[in-house]
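The values are calculated or read from the model by the stated rules, or taken from the named source; none is laboratory data. Worth saying up front: this structure is predicted, and the values here are computed from it rather than measured. In this analysis, Cβ positions are derived from the backbone assuming ideal geometry, glycine residues included, and neighbour counts consider all displayed protein chains.
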Amino acid sequence: MSRQIVLDTETTGLDPKTGHRVIEVGCVELQERRLTGNNLHLYLQPDRQIDQQAIEVHGISNEFLADKPRFAEVAAELKAYLTGAELLIHNAPFDVAFLESEFAIVGDEFPLDSICTVTDTLALARKMYPGQRNSLDALCKRLGVNNGHRTLHGALLDSEILSDVYLIMTGGQTALVLDSEQSTTNKTAKPEKLSGVENLLVVTANESEMVAHEAWLAKLEGEGKCVWNG
């Protein structure tokens, strides 16, 4: 199975075409549907002010980013990390547009899907759960993923949560932990034997009772009420 990277970004605003920038990138790596721990987490100095509405979503302040590296300083590392992987992104067009804009700003313009494949997990969820809410929070609630620690959006945190959601959506539970005692008990337990069953008296219907039974079923069937026949 190909290497997969669950990716999320946080930004200064909603549209890179109006000059908004990436301020956080969070990546969680999966190999063979298992977390590898080879994650990548970057905070970035955007050289512009963050919209107040964005700060209310992710809680990242201009002051916090003042001493962080600029995208140009991490572009080569990020590109090498993403190359050849399948990216799993919730609402992928948003993050892809911002990442492509950032690479273009530093003079390395290319479509992201030329170095990796991109899977939009929001589109996947909409196919699996049509007509339902498919935000990350809604999926967590539906699939039983704990996101109680998610009071604000964060790129790495959201990627970690999305990795759990994706694994459950595409293959069932991510982990099933049974304690050794319960597991041993379940493997060795035998069905209980019901005492006295061998002494039960079995009474079968006689011929006249069978004829009466068939006549009653025929009557019900004629009235469209019979659920036993057919």
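Annotations for the structure displayed:
- Scan the range 13-27 for residues that are in contact with a helix residue (DSSP H, G or I) (Cβ under 6 Å, 6 or more places away or on another chain) and charged (D, E, K, R) and the total you get is 1.
- Within the range 88-151, helices (runs of 4 or more DSSP H) holding 3 or more residues that are of a type outside the set (S, T, N, Q) and more than 23 Å from Thr12 (Cβ to Cβ): 121-128, 136-143
- Residue check, Asn62 surrounded by fewer than 17 Cβ atoms within 10 Å (Cβ to Cβ), modelled with pLDDT of 95 or more and under 24 Å from the mean Cα position of the chain (by Cα): no
- Residue pairs meeting the criteria (Cβ under 7 Å; at least 6 apart or on separate chains; first modelled with pLDDT under 95, in the range 1-29; second in a strand (DSSP E or B)): Ser2/Glu86
- Within the range 58-74, the set of residues being within 27 Å of Gly107 (Cβ to Cβ) and polar (S, T, N, Q) comprises Asn62 only.
- The condition (being among the small types (Gly, Ala, Ser) and more than 20 Å from Ser159 (Cβ to Cβ)) is satisfied by just one residue among Ala76, Ala54: Ala76.
- Number of the exception - Asn134 against (1) more than 18 Å from the chain's Cα centre (by Cα); (2) at pLDDT 95 or above; (3) among the polar types (S, T, N, Q): (1)
- If you filter the range 103-116 down to residues that are exposed (fewer than 14 other Cβ atoms within 10 Å of the Cβ) and of a type outside the set (Phe, Trp, Tyr), you find that the one that is nearest to Ile161 (Cα to Cα) is Asp113.
- The condition of being touching a residue at least 24 places away in the same chain (Cβ under 8 Å), touching a strand residue (DSSP E or B) at 6+ places or on another chain (Cβ under 9 Å) and over 19 Å from Thr9 (Cα atoms) holds for only one of Leu167, Leu162, that being Leu167.
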